[in-house]
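So the structure is just underneath, and the comments pick up after that.
The values are calculated or read from the model by the stated rules, or taken from the named source; none is laboratory data. Keep in mind it's a predicted model, so treat the numbers as computed, not measured. Backbone-built Cβ (ideal geometry, glycine too); neighbour counts: all protein chains shown. Heavy atoms of the whole protein, side chains included, go into the accessibility calculation; ligands, DNA and RNA do not. Shrake-Rupley method; radii C 1.70, N 1.55, O 1.52, S 1.80 Å.
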Amino acid sequence: MTKRIENISCADKQEYADILNSPSFSAYRVIRRMQSDDLSKDVDLAGMVGSLLEIGRRTKEGSMAYVEHMLINQATALQSIFTRMAERSTEQTHMPNLEAFMRMALRAQAQCRTTLETLANIKNPPVVFARQANVTTGPQQINNGTAPPSRAGGNENEPNKLLDAGTQGEAIVIDTPVETLGKIDRAEVCRR
């Protein structure tokens, strides 16, 4: 492979590197390795990468049809895995085997639920109600939905003048006088 790369021009090397690093080519490599030889031998590189590029182009343009189709099919496949693993668990006579199959069944069920939740969020995005906006440029006034407490008093002629809260009286003594404490005697013999 190194000899083949050395014999091509810089522009071709860059194009080759772009292909190797492309998400479509990476997906192709994984898909091909995950399929049996019978399925993957008749699929050519250009056709598969072209198909993946087309899926990416449509998704980028805003069509989520492929994504939705993929997610519902994955959820259906996960449901099949759940069903099969649950059936296999009922055939077991040893507790560790039963537990292992049930654990796999419940994992498939949880993943199916997550997949369907993702699909629901794509089709109906959650609405966010923001109660506070943090804007950091210029003068700010932040009202978080509560009115400030009004001050009591004032009159119509002098709206900014506060009412007199009352007349000032004598201070009330609430502490009783405390005498100085005497010297504290300690035991003459140390007990330790």
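Structural remarks
- Candidates per GluC sites (Glu not before Pro) in the range 23-93, loop by DSSP, up to 16 other Cβ within 10 Å: GLU61, GLU91
- Gained length - ARG58 relative to THR83, 0.36 nm times residue gap less alpha-carbon distance: 5.6 nm
- Going by accessible surface with a 1.4 Å probe and the largest first, ILE55, ILE31, ILE19 read ILE19, ILE31, ILE55.
- Full extension of the segment from SER36 to ARG113, taken as 0.36 nm per residue of separation minus the current Cα-Cα distance, would add 24.9 nm.
- Approximate spin-label separation ASP18-GLU170, in nm, with each point projected 7 Å along Cα-to-Cβ: 9.6 nm
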